[in-house]
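The values are calculated or read from the model by the stated rules, or taken from the named source; none is laboratory data. Remember, predicted model here, so these are calculated numbers, not experimental data. Cβ coordinates were reconstructed from backbone atoms using ideal geometry, including for glycine residues, and neighbour counts include every protein chain displayed.
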Amino acid sequence: MVGKNDSSNNPLRFFENFFPEEFNKMYNEFRHFDKKPDEVELKMINQHLAETDKQNLALLRSIEDLNNLLEPDGLILPPSKYKVLEYNNEEDSMIIEECSYIYLPEEDTYCISNKKQYTRVFLEELQTLLYSELEKTIRLTIDALLEKDNKQAFIHNLLLNAVYVINDKISIIDKPKYIADCQFFLKSYVQEIGTRYSDYISREKSPYLQYLPLKNPKKNYALNMIPAKFGRLEFLLAELQKEGFVEDTLLPEDFQKAFSGKELTEPLKIKWIKMYYGKCNYTTALEMIQLLESKKYIAGYSYSQLSLIFVQNDGSPIKESGWKEASSRKKKEKKITSRLTPSDEIKLIIHNF
C-alpha cells in the first residue's frame, strides 16, 4: 500500500482522511451554521467585561448569551452577524442574512449599518472543495511519479487505494444522498491517471478496471476527456468560435456532450464550418482530436465516433472514409504561406488549452 504520511508517497491522503469523518463534520457544521463573534467584537466584549469586573462571563459561548445576562445592566451587544432566514432540508440550502454594526457610544448600543442576503448550498460548497482537492491530488501524483523507478507498481497501488475510498469509505458517510457525488471525484481521478499513464497500467483483472476509460472506444460513445480538461471545454469552445471553426450558436452543454464519454443515442451534428480554399476543412477537426489524444487529454478515438460528433458546414455527414482521407491529406500538406493556416490556429488553440 502507498505510504500514509508523505504526500509524495500518498497523493490520495486528503481523500483518505476526508471520508467519512471530515465529510460528516463539514455537513454538521453546515447544518448548524452559527457565526461566533469576530475578533473586533471579542475585543470590545473583553474590554467591557474588564471595565465591569465581570471576567467570569468570558466563558460564555455566544453574544446572545451575553445579551441575555447583561441586559439588566443596560448593555446591548451586537447580535450574531449571520442569521439563517430559511433552511431547505431537501436541497440542504439556506438563505443567510448578514449584518454589519456600528457602535453608538452616547447610547451605549449598536445599530445596523449594512444588511445583505445570500444563499449557501451544501452540494456546491462540497463540489468546490473536492474539485480543488482533485486537481491538487493529480498534480501530486504527476510530481510523485517523476521520482519513482517502478511507476507501474506505484500507480497500481494508488488506484487500489482510490477504489478502497470509493467502495469502503465514501459509502459510509452520514448522508447517503451525497455518495454518488463524492465517488465521482475519485472515479475521475482513476480515469485521468488511467488515461495519462495508460502504458503503465495492466489490463488484467483488477478492482479499478471498471473505472478506466475503454482502450478501444465503442463507436456509439462520445470521446472521453479527462476531468481536469473537461472543466475547460468552455474555453476551448470559445476559442474555436473565435477562429471560425464552429458556429457561434453552439452551446457549451452541447459541445461538452462530445467529450462526456457517455453513450450517444443520436448524432450530435456539430458543424465544422471552417473553409480553406473553398472547401470544408474538417481535416483540422481531426487534427484537433489527434492533438488532444497525443496530450493524453482524451482516452482515444475512432473515425466512427467522429462521424457521430461532427458534420460538414452544410450539415452533410462526414463518413469514416472521409476521416481516413483527411488523415492522409494532413500528412501530405505543406505550408505555402507565411500567414497562419487553419492547422496553425488549431495547434495554437490546443497549446493554450
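Checking each residue in the stretch 145-174 for being of a type outside the set (A, V, I, L, M), over 14 Å from Phe18 (Cβ atoms), surrounded by 14 or more Cβ atoms within 10 Å (Cβ to Cβ) and in contact (Cβ under 8 Å) with a residue 60 or more places away in the chain picks out Phe154, Asn157. Within the stretch 78-108, the set of residues being part of a strand (DSSP E or B) and at pLDDT 80 or above comprises Val84, Leu85, Glu86, Tyr87, Asn88, Ser93, Met94, Ile95, Ile96, Glu97, Glu98. If the condition is being part of a loop (DSSP other than H, G, I, E, B) and closer than 29 Å to Gly194 by Cβ, then the stretch 272-295 contributes only Lys295. The lone criterion from (1) closer than 20 Å to Thr137 by Cβ; (2) not in a helix (DSSP H, G or I) left unmet by Ser171 is number (2). Are any residues in the stretch 109-130 among the hydroxyl-bearing types (Ser, Thr, Tyr), modelled with pLDDT of 90 or more and either over 16 Å from the mean Cα position of the chain (by Cα) or surrounded by 15 or more Cβ atoms within 10 Å (Cβ to Cβ) (or both), and if so, which ones? Result: Tyr118, Thr119. Checked against (1) out of contact with any helix residue (DSSP H, G or I) (no Cβ under 7 Å at 6 or more places or on another chain); (2) free of Cβ contacts under 8 Å to residues at least 24 places away in the same chain; (3) of a type in the set (A, V, I, L, M), Ile273 passes all but a single condition, namely (2). Number of residues in the stretch 219-264 that are in contact (Cβ under 8 Å) with a residue 12 or more places away in the chain and more than 23 Å from the chain's Cα centre (by Cα) equals 8.
Among the residues of the stretch 190-233 satisfying the criterion of being among the small types (Gly, Ala, Ser) and in a helix (DSSP H, G or I), which is modelled with the lowest pLDDT? Filtering first and then ranking leaves Ala228.
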